[in-house]
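Colleague: Quick one: structure below, then a few questions.
The values are calculated or read from the model by the stated rules, or taken from the named source; none is laboratory data. Predicted model only: the values in this text are computed from it and were never measured. Counting neighbours? That spans all protein chains shown, and the Cβs are built from the backbone with ideal geometry, glycine included.
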């Protein structure tokens, strides 16, 4: 019964968030049809794409579970759903990334935390399918979680760089500014363009989130192993 309640909570979150995104999609389609200028039309088309992307990404945990017969912990599925909603819908469609100071850095910190947690669960799933001598030790698990998280964070920065570069080559006056290269650097401590500072800060805060999870995960696993060893000896 408890398992069913947890499962229902994930399904409820999924239905609510997908329902919100569908409303966003409908509104964007109507806005694109009724747009009176190219800027409004381009923004609406972009929001249509982002809405469809959100729906697809929301469904990935369910697809993985169905296709590969993997039982993903429900708290991770809910965490991923909320993170994607905050990133795509609130961050991009509603402009929180541009209009709320620090929102971008909070998302990158949370992404480092979320990806590291997912990495630990991946290794836990791997360890369950192996004999004890073949299982990763806690230190290797922590290092893997950190490096896995940082790899995905760097790949995301590659994506932002590619989008900005492609958009600029199509239109020098593009509004695409994912790496904030169009912003002026007013910092007295960093001498180069703001775009580089933004990219590096994204990676730094993501690394901080990943380090926290990796360290805490390492200590928790070591503690549990020590308790288990003491029980065996006792």
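Colleague: In the range 81-199, which helices (runs of 4 or more DSSP H) lie fully inside it and hold 3 or more residues that are surrounded by fewer than 19 Cβ atoms within 10 Å (Cβ to Cβ) and touching a residue at least 12 places away in the same chain (Cβ under 8 Å)?
Modeller: Working: elements: 96-99, 103-128, 138-170.
Answer list for the range 81-199: 103-128, 138-170.
Colleague: For the range 219-226, state whether one or more residues are without any contact (Cβ under 8 Å) to a residue 60 or more places away in the chain and within 27 Å of the chain's Cα centre (by Cα).
Modeller: First, pick out the residues of the range 219-226 that are without any contact (Cβ under 8 Å) to a residue 60 or more places away in the chain: 219-220, 223-224, 226.
In the following step, the residues that additionally are within 27 Å of the chain's Cα centre (by Cα) were identified as 219-220.
Looking for residues that are without any contact (Cβ under 8 Å) to a residue 60 or more places away in the chain and within 27 Å of the chain's Cα centre (by Cα), one finds at least one in the range 219-226, hence yes.
Colleague: Let me ask something else about it. Of 59, 44, 38, 31, which residue is over 25 Å from the mean Cα position of the chain (by Cα), at pLDDT 85 or above, over 10 Å from residue 88 (Cβ atoms) and not assigned by TED's automatic domain parsing to the domain that holds residue 170?
Modeller: On inspection, the qualifying residue turns out to be 31.
Colleague: Limited to the range 1-24, what total is found for residues that are at pLDDT below 90 and over 15 Å from residue 74 (Cα atoms)?
Modeller: The qualifying residues number 0.
Colleague: Oh, and also: Filter the range 121-135 for residues that are modelled with pLDDT under 80 and either at positive phi or touching a helix residue (DSSP H, G or I) at 6+ places or on another chain (Cβ under 7 Å) (or both) and give the result.
Modeller: 135
Colleague: Is it the case that some residue within the range 160-182 is farther than 30 Å from residue 45 by Cα and at pLDDT 85 or above?
Modeller: No.
Residues checked against (1) over 16 Å from residue 152 (Cα atoms); (2) in contact with a helix residue (DSSP H, G or I) (Cβ under 7 Å, 6 or more places away or on another chain):
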| site | (1), (2) |
| --- | --- |
| 183 | yes, yes |
| 186 | yes, no |
| 193 | yes, no |
| 206 | no, yes |
| 217 | yes, yes |
| 229 | yes, no |
